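Below is one structure; the comments refer to it alone.
The values are calculated or read from the model by the stated rules, or taken from the named source; none is laboratory data. Only a predicted model underlies this, so the values are computations on that prediction, with no experimental measurement involved. Every residue, glycine among them, receives a Cβ derived from its backbone with ideal geometry; neighbour counts consider all protein chains shown.
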Amino acid sequence: MLVEAIPRLASKANAVAALRRTARNPCVTVFVGDDATDEEALAALDDGDVGVLVGPERPSHARYHLPSPAAVAAELQALAEYFEHA
């Protein structure tokens, strides 16, 4: 069982919004989540943002799915290599 104790106004969606306010424009938000507590943030993403569900497939607001944290690491490595040689 997972229990998160946070202030009522604190949420992952609010954290995403706060980070967006400090980012330079244009900006693409990438949120990678693996459990139900991440769905609020995934739902708060804009159309141009990237939401990734990690783990077993299930209904989610995420546009993309990866099967494991290792798959996330591999995709991030490939992305870093792409931009390194671009």
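Observations on the structure shown:
- Selection of first residues in the stretch 37-64 that are at positive phi and of second residues that are part of a helix (DSSP H, G or I) and surrounded by fewer than 16 Cβ atoms within 10 Å (Cβ to Cβ), restricted to Cβ pairs under 9 Å at least 6 apart or on distinct chains, gives the following pairs, ordered by first then second residue: GLY55/PRO69.
- ALA43 meets each of the listed conditions (1) assigned to a strand (DSSP E or B); (2) hydrophobic (A, V, I, L, M, F, W, C); (3) more than 8 Å from the chain's Cα centre (by Cα) apart from (1).
- Across the stretch 28-49, the qualifying residues are those that are closer than 18 Å to LEU76 by Cβ and either exposed (fewer than 15 other Cβ atoms within 10 Å of the Cβ) or of a type in the set (Phe, Trp, Tyr) (or both), and the one among them that is modelled with the highest pLDDT is PHE31.
- Number of residues in the stretch 46-63 that are more than 10 Å from the chain's Cα centre (by Cα) and in a strand (DSSP E or B): the value is 0.
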